1. Could you work out the equivalent-ellipsoid semi-axes for the range 65-104, taking the square root of 5 times each eigenvalue of the Cα gyration tensor, largest first, in whole Å?
2. On C-alpha positions alone, give me the angle between the axis of helix 32-43 and the longest principal axis of the chain, in degrees, nearest 10.
3. Can you grab the distance from the C-alpha centre of the range 170-184 to the C-alpha centre of the range 29-43, Å, no decimals?
4. Please arrange 81, 5, 57 by counting, for each residue, the other beta carbons lying within 10 Å of its beta carbon, fewest first.
5. Restricting to DSSP H runs of at least four residues, report the calculated mean residue ellipticity at 222 nm for the chain, -39500 (n - 2.57) per run over all residues, nearest 500 deg cm²/dmol.
6. Between residue 211 and residue 178, what FRET efficiency comes out of the Förster formula 1/(1 + (r/R0)^6) with R0 = 41 Å and r the beta carbon distance, rounded to 0.05?
7. Which whole number in µm²/s is D for the range 2-107 by Stokes-Einstein, with the Kirkwood Rh taken over Cα pairs at 20 °C and 1.002 mPa s?
8. Take every DSSP beta bridge whose two residues both sit in the chain, then give the antiparallel share in percent to the nearest 5.
């Protein structure tokens, strides 16, 4: 995965990342971030990786912007993993009269945040696609998510980030019709949903590491 000894990984996002971190003695929460922390601790303890969870429930990309200096830049992370976009769409569904973060604004704010990271931290970036809104592949929420997923894909390419195809993984799972719930309410993860996020993240990072190693060997 190309992690180096003592690397610091910051995870930032909304409630899906937060998952109760503020009441957790380790401040990791009980979701996919905790699963990744435990994976690192048991599978590569020699790396002594530091995992920091800066998820905050209810956040949209504009909320990340307000706390970006304190919760990202001040950490000076070696790696930054971002998962955002669900609330940017969800607010359009549950609070249509509120000020909205439409795709153009989402992309502009997100791009500026990533630019700041590259300029002030030079962190390696990991961008996670927003997951799902309702466990129906063609739900209104999932259709509305499509432009946001495309923006994350585009920004990952633009900034040379690792793209974690979380949305694609969730939609693929739903289409298999297992009958097993990934969320408790269409958005917030069950333990199965957290595991799917964690394994998709890990598999993507392992693939990225293998590709990087292959390029080095060919060079």
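Values quoted throughout were computed directly from the atomic coordinates according to the rules given, and no laboratory measurement underlies them. Everything numeric here is computed off the predicted structure, so don't read it as measured data. Glycine also receives a Cβ, built like all others from the backbone with ideal geometry; neighbour counts cover every protein chain displayed.
1. Numbers: eigenvalues 149, 24, 12 Å².
In descending order the semi-axes read 27, 11, 8 Å.
2. Between the helix axis and the principal axis of the chain, the angle is about 20 degrees.
3. Between the Cα centre of the range 170-184 and that of the range 29-43, the gap is 22 Å.
4. Exposure proxy ranking, most exposed first: 5, 57, 81.
5. About -16500 deg cm²/dmol.
6. Computed FRET efficiency for residue 178 and residue 211: 0.85.
7. 146 µm²/s
8. 5 percent
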